[in-house]
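In what follows, a structure is listed as structure tokens, so that the remarks can point back to it.
The values are calculated or read from the model by the stated rules, or taken from the named source; none is laboratory data. Treat the numbers as computed from the prediction; the structure is a model and nothing was measured. With ideal geometry, Cβ positions are generated from the backbone for all residues, glycine too; neighbour counts draw on all protein chains shown. What goes into the accessible areas is simple: the full protein's heavy atoms, side chains included, and nothing from ligands, DNA or RNA. Shrake-Rupley method; radii C 1.70, N 1.55, O 1.52, S 1.80 Å.
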Amino acid sequence: MDWREIPSLSALRAFEAMARLGGFTAAARELNVTHAAIAQHVRGLEAELGQVLVMREGRGMGLTEAGRLLAGSLQDGFAEIAAGVTATRTLGEDRPLQIATTPSFAENWLMPRIGAFWAEHPEIKLAMVPGYELVDLRRDGFDMAIRYGRGGWEGVTSDYLVSAGNVVVATPDLAAQVPYGNVEALSRQHWLHEVGRAEPRAWLAEQGLSFPPEQKTEFTMNTMVLAATRAGYGFSLQGKALVEADLAAGRLVKVFDAEKSDLAYYMLTRPENMSERLRVFVAWLRSSV
């Protein structure tokens, strides 16, 4: 199809409305433009096609044979477009919401709570995709990302969800060996880290906690760090949101904290992609904190 051979869609839309509603004034009201704008579109369309499309009939307007032919074709065409748009929207409503999140947040904060969301909203499907890579919501097809940091990411809306609340944790047996908050004693312990995450180490250094390489074991994912911490293999720095259940159950104990840390988990969305289903999920997340 060569779009250069097709008149302006605005003109075609104006003519279709005028033909369906029987006059310039009614068409202008429906399209929220002026009477003169509709008339100008129709006259321009007649000039481009070389055909009279509209004729005056008493106090009203009627269509010529050419006008009736074009109006019928436009009504069929616009109906097909409307049907396609409706079908596409329905298809979008049927697909699961795509939620990108860090593995640790998904496992330790989101999954223990998500059953309540499913019970309240069985009609909304979710596909949670854990990973550490920064995703492009538009390019990668995600409806939302939940990310750890200080907010302010470019190109998206970032809404605070829950404070990370950095805490150093260990099993009760290990914690008993260290006076609470004693930096010197903690610096002599064995530590568990996630490979490649510089922020936790920088935070520990700011608190005066430093130790040689032989006093640490590194894992590729924080879920493994947490598992090793629960097993009593050493101390680790965690976001409080990730270990709430462990602390409540007594599996882990805090030995050092910084509740006023500005690090937090944020909900990243695109304003133009806020479907009603996503609004419901965002509201539920906020109510779950």
Next on the checklist: Per residue, how much accessible surface does the stretch 1-68 expose to a 1.4 Å probe? Answer in Å², no decimals.
Outcome noted: 65 Å²
Item to check | Kyte-Doolittle at least -1.0, axis length at least 20 Å by Cα - qualifying DSSP helices, the chain | outcome: 35-49, 65-94
Checklist outcome for this item: In nanometres, the difference between 0.36 nm per residue of separation and the alpha-carbon distance of residue 121 and residue 6 is 36.8 nm
Next on the checklist: Keeping every protein chain present and rolling a 1.4 Å probe, give me the accessible area per residue for the stretch 117-181 in Å².
Outcome noted: 55 Å²
Next on the checklist: At a threshold of 8 angstrom on Cα-Cα distance, excluding pairs fewer than six apart, so keeping six or more, what relative contact order does the stretch 1-69 reach in percent?
Outcome noted: 26 percent
Item to check | Fraction of antiparallel bridges per DSSP, the chain only, in percent to nearest 5 | outcome: 65 percent
Next on the checklist: Students often check this: by mean Cβ neighbours within 10 Å, which of 151-161, 60-70 ranks highest, and how do the rest follow?
Outcome noted: 60-70, 151-161
Item to check | Gained length - residue 214 relative to residue 48, 0.36 nm times residue gap less alpha-carbon distance | outcome: 51.6 nm
Item to check | Positive dipole terminus of the stretch 174-289, leading residue within 211, 191, 265 (C-beta point charges) | outcome: 265
Checklist entry - Normalised by the number of residues in the chain, what is the relative contact order in percent for Cα pairs under 8 Å and 6+ residues apart? => result 21 percent
Item to check | Over the chain: helical MRE at 222 nm, DSSP H runs n ≥ 4 each giving -39500 (n - 2.57), nearest 500 | outcome: -13500 deg cm²/dmol
Checklist entry - Where a ≥ b ≥ c are the square roots of the eigenvalues of the C-alpha gyration tensor, would you call the chain rounded, which needs a/c under 1.5, or, failing that, prolate if a/b is larger than b/c, or oblate? => result prolate
Item to check | Most mobile of 194, 123, 46 in a GNM of the chain (Cα contacts under 10 Å) | outcome: 46
Next on the checklist: Please report the carbon-and-sulfur percent of the accessible area for the chain; probe 1.4 Å, protein heavy atoms only, DNA, RNA and ligands left out.
Outcome noted: 54 percent
